[in-house]
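S.K.: The structure that follows is given in the form of structure tokens.
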Amino acid sequence: MSEMAFKTRGLTKVYGEGRSAVHALRGVDLDIPQGEIVVLLGPSGSGKSTLLNIIGGLDRGTDGTAQFHDQILSDMTDAQLTQYRRNHVGFVFQFYNLMPSLTAHENVELVTEIAKNPMDPDKALSLVGLAERTDHFPAQLSGGEQQRVAIARAIAKQPEVLFCDEPTGALDSTTGRAVLSVLKNVNETLGSTVLMVT
């Protein structure tokens with residue numbers, strides 16, 4: 001049996017207090033095996049992104065535990081969570097968050113400057129099928145190409161885990177399928193655990 005990348009036990013997240021409290025997560029128990037592609041499906045407001053943000057180290061649960069290998073994320077300080085995100089995690093969001101004044105290469109290169117074991121930006125762009133577009137600015141790229149630059153930026157850290165929050169939400173179905181194919185390739189090539197919300 002493969003090792004678990006993540007375990008949550010009784011993970012709860014409540015926003016607000018009293019009668020206006022919103023229960024985003026109610027006692028979630030989840031095991032995510034290392035090296036798998038896992039897709040979280042559910043309607044809007046069901047807590048998918050909240051779960052992603054907690055195990056991605058961007059937010060904290062109200063109760064319960066979240067664990068990455070043998071590290072208890074729930075017990076980490078803010079500084080430790082920052083190191084966790086920097087050293088282990090890549091993020092891909094629905095909106096690409098690219099710097100418009102930087103080329104595709106430069107957008108990816110930004111992340112490699114803070115990574116422990118960075119990949120060459122051109123190799124990362126090649127992995128997502130953009131070897132010929134490295135010198136293009138975001139405005140010169142289609143939506144699907146911009147999302148692939150965002151994926152290249154995330155994988156240039158060579159993360160153990162890639163979190164994707166609605167990575168195809170702003171794309172048409174054909175382009176969305178192409179992006180999913182890129183994520184599958186990243187999983188197979190780098191062995192990264194891929195957790196996707198859609």
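S.K.: Search segment 149-179 for residues being in a helix (DSSP H, G or I) and over 13 Å from the mean Cα position of the chain (by Cα), and hand back the single one that is modelled with the lowest pLDDT.
M.R.: Ranking the qualifying residues of segment 149-179, first place goes to T175.
S.K.: Hey, among G90, G57, which residue is assigned to a strand (DSSP E or B), among the small types (G, A, S) and touching a Lys or Arg at 6+ places or on another chain (Cβ under 7 Å)?
M.R.: None of the other options fit; the residue is G90.
S.K.: Which of the following residues is open to solvent by less than 30 Å² (accessible area, probe 1.4 Å), outside any helix (DSSP H, G or I) and at pLDDT 85 or above: L125, L195?
M.R.: Result of the check over L125, L195: L195.
S.K.: Checking S101 against (1) small (G, A, S); (2) assigned to a helix (DSSP H, G or I); (3) open to solvent by 40 Å² or more (accessible area, probe 1.4 Å), which test does it fail?
M.R.: The failed condition is (2).
S.K.: Please go through segment 168-189 and pick out each residue that is closer than 13 Å to L127 by Cα and of a type in the set (K, R).
M.R.: Listed by number, the list holds a single entry, K184.
S.K.: Being open to solvent by 20 Å² or more (accessible area, probe 1.4 Å) and closer than 23 Å to Y84 by Cα is the filter here, so list the residues in segment 134-186 that pass it.
M.R.: Hits for segment 134-186 are R153, K157, Q158, E160, D165, E166.
S.K.: What about L102, is it more than 25 Å from A5 (Cβ to Cβ), of a type outside the set (G, A, S) and at pLDDT below 90? Talk me through it step by step, then tell me what you get.
M.R.: Numbers: more than 25 Å from A5 (Cβ to Cβ): yes; of a type outside the set (G, A, S): yes; at pLDDT below 90: no.
For L102, the condition - more than 25 Å from A5 (Cβ to Cβ), of a type outside the set (G, A, S) and at pLDDT below 90 - is not met.
The values are calculated or read from the model by the stated rules, or taken from the named source; none is laboratory data. The structure presented is a predicted model; accordingly, all values stated were derived computationally and were not measured. Because the Cβ atoms are built from the backbone with ideal geometry, glycine has one as well, and the counts that use them run over all protein chains shown. The accessibility values were calculated without ligands, DNA or RNA, using every heavy atom of the protein model including side chains. Shrake-Rupley method; radii C 1.70, N 1.55, O 1.52, S 1.80 Å.
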